[in-house]
Amino acid sequence: MSYQEDNRGQFHFSPRRGWMNDPNAPLFYRGVYHLYFQHAPNSLQWDTMHWGHATSTDLVHWQQQPIALDPTIHPGDLWSGGGVVDCGNDSGLKTGDHDPILVYSGTRGVTVFYSLDGGYTFEPYDGGRKVVVPDGDSRDPKVFWDPVSRRWGMVVWSDAGGNGVDFFSSTDLLNWTFASRFQAEWLFECPNMIRMPLDGNYHWVLHAASGEYYVGDWDGTAFHSDWTVPQKINQTATFAGAGYYAALNFENLEGDRVVSIAWQGENHGSVWTGNASFPVDLKLRRTTDGIRVVSTPVPEIELLRENTRTWKDLSLDANAARQLLSEVWVNTYELEATVDIRDAQRFGFRLPREIAYDARAGQLNGVPMSPQDGKVKVRLLVDRGQLDVFGNDGDVYQSYNLNSGSPELFTEGRLTLDSLTIHELASIWVSAR
């Protein structure tokens, strides 16, 4: 199988063949990252759902594994869901050396599947009996651990009375009790609850498939927030099939690290459709507008860097800016720029799509972003069929499915360039050629 089609991402995961959508139950176990995903292995469009499976030891190089959940073997609708590693054997399912790994799936009720071999094969719990059945139409269960109440929580989307989520509580991951409901019109599909640190305290982030989110508190049974308007993790048009949707974070990571990965649905080739976003670290940051979630590429991207070039301390007019990168020919790469914009009106990069910072409006690609000490940072990940835009260490995060090329720097007004670095990025598929 070749991964070298012109629009096949070289450092964004995509399936060997078939359709891919939402990431499911990303988790870390004994040195291996497991990514499950919605998968129709014999179709280029949405079809009978399986759970595909890929593994990595470094979050960047992925190896596709045999299908984890198969509708001919595993009961129910195998739609989107989450999973956890039961390190304390709360479920009582452990029979050998491996900790039980439990994943949750299903529509109009939640079914549990468990693995006793480290996440490669799964059995249905209790014959596939649904352990909770929310009112109305429901799907996309996500399980999380609350170290304060020392209980497991489950959040499930349901349309009973309008968009919202039902919360359930458990001590054993198998028997669940209804805890509360949180309703909001923006809270549609693939809900996620994440406990995140900030300034020595912890807050909870509740987000939807769109990446819209509230920051609030969890008291063990209910989510509370004084927010009335959601913010967005990814500041693009986010809908099913867009360049960002249905993100989940990897469970069982050490410490307080939060790594998130999403579905990008607008890319396809001759034998595959859809890919995963490049994983990002999520953190909370205090801003002048309040607490916000910020996103940066996982530092493991450094494992792919090669042929690095850097320019420093340059003052450029429009013609000098245009000429600076005229002999740079790159295909898949990472670009980092720190720019003093006090004399510039507008600058950016043509890929040929234009990624621009408007100093007059204080916006990067249409998203508000204030300079810091008169400077702004722009970081781009450019792949075949994917483009990720980051501004000011994660204040701005945008993901697109589109083809790009070598960059051209442009400016309106004189540009003071503190530094510009381009790292060519190696293919993660080299071993699969």
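The values are calculated or read from the model by the stated rules, or taken from the named source; none is laboratory data. Nothing here was measured: the structure is a model prediction, and the numbers come from that model. Ideal geometry is used to build each Cβ from the backbone, glycine not excepted, and the neighbour counts take in all protein chains shown. Note: areas computed on protein heavy atoms with side chains; ligands, DNA, RNA excluded. Shrake-Rupley method; radii C 1.70, N 1.55, O 1.52, S 1.80 Å.
Ligands, DNA and RNA excluded, the heavy atoms of residue 174 present near 10 Å² of accessible surface to a 1.4 Å solvent probe.
Carbon and sulfur: what percent of the chain's accessible surface (1.4 Å probe)? The partial results should precede the final answer.
On the way: 7650 of 16710 Å².
On the chain, the fraction of accessible area on carbon and sulfur atoms equals 46 percent.
For the options 124, 71, 23, a Gaussian network treatment of the chain with springs between C-alpha atoms closer than 10 Å singles out 71 as fluctuating the most. Note on the chain: helix-only mean residue ellipticity at 222 nm, from DSSP H runs of 4+ residues weighted -39500 (n - 2.57) and normalised by residue number, equals -500 deg cm²/dmol. Comparing 115, 270, 169 in a Gaussian network model of the chain (Cα springs below 10 Å), the most mobile by mean-square fluctuation is 270.
Residue order by solvent-accessible surface for 271, 156 is 271, 156, largest first, with ligands and nucleic acids left out and a 1.4 Å probe. With the whole protein complex present, residue 367 retains an accessible surface near 20 Å², based on a 1.4 Å probe.
For region 7-58, the square roots of the Cα gyration tensor eigenvalues, ordered a ≥ b ≥ c, give a/c of at least 1.5 with a/b no greater than b/c, which places it in the oblate category.
Just reorder 108, 379 by solvent-accessible area, largest first, 1.4 Å probe, all chains present. If you can, show how the numbers build up before the last one.
Working: 108 125, 379 50 Å².
From most exposed to least exposed: 108, 379.
Computed over the Cα atoms of the chain, pair by distinct pair, the Kirkwood hydrodynamic radius stands at 22.4 angstrom.
How would 129, 195 line up by accessible area, probe 1.4 Å, largest first?
Numbers: 129 95, 195 70 Å².
So the residues, ranked largest to smallest area, are 129, 195.
When the surface is traced with a 1.4 Å probe over the full set of protein chains, residue 39 keeps roughly 10 Å² accessible.
Checked against a 24 Å cut-off, the cross-linked pairs 283/312; 130/283; 94/283; 94/130; 142/232; 283/375 give Cα-Cα distances beyond that limit for 283/312; 130/283; 94/283.
For the residues 269, 82, 164, a GNM of the chain with alpha-carbon springs under 10 Å puts the largest fluctuation on 269. For region 351-433, the Kirkwood estimate of hydrodynamic radius, built from reciprocal distances between every pair of different alpha carbons, is 14.3 Å.
Can you give me the accessible area per residue for region 94-198, using a 1.4 Å probe, in Å²? All intermediate terms of the calculation are to be shown ahead of the outcome.
On the way: 3860 Å² over 105 residues.
Value for region 94-198: 37 Å² per residue.
One chain, two ends: residue 5 and residue 98. Fully extended at 0.36 nm per residue, the span grows by 29.6 nm beyond their Cα-Cα distance.
Using only the Cα atoms of region 113-230, construct the convex hull and provide its projected area averaged over every direction, in square nanometres to one decimal.
Details: hull surface 33.8 nm².
Computed as one quarter of the Cα hull surface, the answer is 8.4 nm².
About the Cα centre, and with charges only on the beta carbon of Lys, Arg (+1) and Asp, Glu (-1), how big is the dipole of the chain? Nearest 20 debye, please. Before the final figure, lay out each step's value.
Working: 35 positive and 55 negative charges, 85 e Å.
With only Lys, Arg, Asp and Glu charged at Cβ, the dipole is about 420 debye.
With only alpha-carbon pairs counted, each pair once and no self-pairs, how large is the Kirkwood hydrodynamic radius of region 228-280 in angstroms? The answer is 12.6 Å. Between the exposed loop cleavage positions of the chain, defined as GluC sites (Glu not before Pro) in a non-H, G, I, E, B DSSP state with at most 13 neighbouring beta-carbon atoms within 10 angstrom, the longest gap is 1-184. Considering the zone a paramagnetic label at residue 361 would reach in this model (a point 7 Å from Cα along the Cα-to-Cβ line), which residues of region 307-348 have amide N under 15 Å from it? The answer is 345-348. Ellipsoid fit via the Cα gyration tensor, region 56-95: semi-axes of 22, 20, 10 Å, each the root of five times an eigenvalue, largest first. Taking other residues whose beta carbon is less than 12 angstrom from the beta carbon of residue 36, and scoring Lys, Arg as +1 and Asp, Glu as -1, yields -2. Find how many whole Å separate the alpha carbon centroid of region 363-395 from the alpha carbon centroid of region 279-352. Rounded to whole Å, the Cα centres lie 7 Å apart. Gain on full extension, evaluated as 0.36 nm per residue between residue 285 and residue 308 minus their Cα-Cα distance, stands at 5.3 nm. Taking a ≥ b ≥ c as the square roots of the Cα gyration tensor eigenvalues, with a/c under 1.5 meaning rounded and otherwise prolate when a/b beats b/c, else oblate, which class fits region 192-345? It is prolate, given that a/c is not under 1.5 and a/b is the larger ratio.
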